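Everything below concerns the one structure shown next.
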Amino acid sequence: MLNLIRIIALFALLSAAISSAQAPLVEERILLTFVPNVQFAPFYVGIEEGFFADAGFDVTLEHLQEPEVLDLVAVGQANFGIVSGEQVILARSRGRDVTYIFEWFQQYPVALVHSDALELSDLEQLRGLKVGIPGRFGASYSGLTTLLSSAGLTETDIEIKEIGFNAAEVLCLGAVDAAMVYANNEPLQIRNLAAAGDCGEISDVEVVTVASQVDLVSNGLIVFRNLLDAAPESAARMAFAFKAALQSAINNPASAYLASLKYVDTLPSDESLVAELEAAAERQSEFLASNPDRAAVAESRAEMLQLLTTQIDAGVLTQFQVLLNTIGLWDADQLGVSDLASWEAMRDTLGLMGFLGDDLGDLSDAFSNEYVLDSGE
């Protein structure tokens, strides 16, 4: 952990770097997983609104598989990447020395979804039911293991069905009683199918998030370990810039969606939608000038969606709703900060899954909050 003198030095270096308009920008790749998607809006905002440039970086984004992101950052072929906390623990158990410096998702993004006709007020009632998961890997499997453990259950108490990433279709067909999904988009898909009468006997669903039961560390920014030794101010500047971009996306989702259009080819972008979002973004900017608190900003996002639904077809607004749902997973009083308890909970889950062997590993150097710099905190 950094001592007080080093923290003060980082603040000084950060301030000097940001105020130095003459310094050339440093080219940096940020490695992301999945494919370009509105859920990566903070990175698009960081580029389009100049947060990365203001911190001294010329950022390019590259999408890879999560193991590739870890491998490339671990050997210094890229300095920064986004991966899940569980993958950091697993990578470090295999000798991959990366450090997690910014928790992007403050809530674990996975949930259990089931028909509202199914009585599941207590997760112990999962006993004997068929539960769909993509496979015995990744966040969905970790999330299911955590939910079962929180209810005193194990895999043997339920019937697991490996269904790939087809939860909506399989649940609507009645092939499973419940399914593990990503909370920000799949319940919305299922509800849309149900509203259209295309989800069998299901008229609505209930969602039980993993975060409502256990706080697990989630996706965040990792750094090449040697960079922290050689140039800690670079890591601090990147964390500072990403935090500013993330806060901007949280505060003004209409603007964040518009920034995403340049990077996500599949986003709806018809003229009427863009015009309404531009108007919404301008109204939101005026509102933000009054320095509203976090609760007021959250309320303003809900009002923004309510107004847009009177102007734009619901189907066209689906990805904007996904962005709003995802913002709910990012938002927190202190952006970027993770705590030891959430890391320990994830490590314990991986231990239950048998992925760590007998030695569950030391978390003391797996993460640091010292680079989440904000003089206002």
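Values computed for the structure shown
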item	result
Some residue of the range 81-89 being outside the structural domain of Asp157 (by TED's automatic domain parsing) and free of Cβ contacts under 8 Å to residues at least 24 places away in the same chain	yes
Matching option when the condition is farther than 16 Å from Val205 by Cα, outside the structural domain of Asp229 (by TED's automatic domain parsing) and small (Gly, Ala, Ser), among Gly132, Gly164	Gly164
Residue match in the range 126-133 (condition: in a helix (DSSP H, G or I) and not aromatic (Phe, Trp, Tyr))	yes
Of all residues in the range 310-339 being among the hydrophobic types (A, V, I, L, M, F, W, C) and not in a helix (DSSP H, G or I), the one that is farthest from Ser142 (Cα to Cα)	Ile312
Condition check for Arg301: more than 19 Å from Phe40 (Cβ to Cβ) and either basic (Lys, Arg) or outside the structural domain of Asn37 (by TED's automatic domain parsing) (or both)	no
Residue in the range 60-98 that is surrounded by the most Cβ atoms within 10 Å (Cβ to Cβ), counting only those that are among the polar types (S, T, N, Q) and in a loop (DSSP other than H, G, I, E, B)	Ser84
Residues located in the range 257-275, provided they are in contact with a helix residue (DSSP H, G or I) (Cβ under 6 Å, 6 or more places away or on another chain) and in a helix (DSSP H, G or I)	Tyr257, Leu258, Ala259, Ser260
Selection count, the range 108-125, where residues are in a loop (DSSP other than H, G, I, E, B) and either of a type in the set (Gly, Ala, Ser) or surrounded by fewer than 21 Cβ atoms within 10 Å (Cβ to Cβ) (or both)	7
Criterion (over 21 Å from the mean Cα position of the chain (by Cα) and outside any loop (DSSP other than H, G, I, E, B)) met by exactly one of Ser342, Ser300	Ser300
Odd one out for Gln306, checked against (1) buried (at least 17 other Cβ atoms within 10 Å of the Cβ); (2) within 30 Å of Thr266 (Cβ to Cβ)	(1)
Residue among Val337, Val316 that is closer than 30 Å to Asn291 by Cβ and hydrophobic (A, V, I, L, M, F, W, C)	Val337
Hits in the range 34-58 (condition: at pLDDT 95 or above and either basic (Lys, Arg) or assigned to a loop (DSSP other than H, G, I, E, B) (or both))	Val35, Pro36, Asn37, Glu49, Gly50, Ala55, Gly56
Within the range 68-113, tally of residues that are basic (Lys, Arg) and modelled with pLDDT of 95 or more	0
Conditions (1) surrounded by fewer than 20 Cβ atoms within 10 Å (Cβ to Cβ); (2) modelled with pLDDT of 95 or more: number failed by Ser15	(2)
Any pair with Cβ under 9 angstrom, 6 or more apart, that starts in the range 349-374 at a residue that is free of Cβ contacts under 8 Å to residues at least 60 places away in the same chain and closer than 22 Å to Val210 by Cα and ends at one that is part of a helix (DSSP H, G or I) and among the polar types (S, T, N, Q)	Leu360/Ser93
From Ser255, Ser285, Ser290, residue being in the same structural domain as Gln321 (by TED's automatic domain parsing) and either surrounded by 22 or more Cβ atoms within 10 Å (Cβ to Cβ) or modelled with pLDDT under 95 (or both)	Ser255
Candidates Asp359, Asp270, filtered to the one that is under 30 Å from Gly81 (Cβ atoms) and acidic (Asp, Glu)	Asp359
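The values are calculated or read from the model by the stated rules, or taken from the named source; none is laboratory data. Since the model is a prediction, treat every value here as computed from it, not as a measurement. Please note: Cβ atoms are built from the backbone with ideal geometry, for glycine as well, and neighbour counts cover all protein chains shown.
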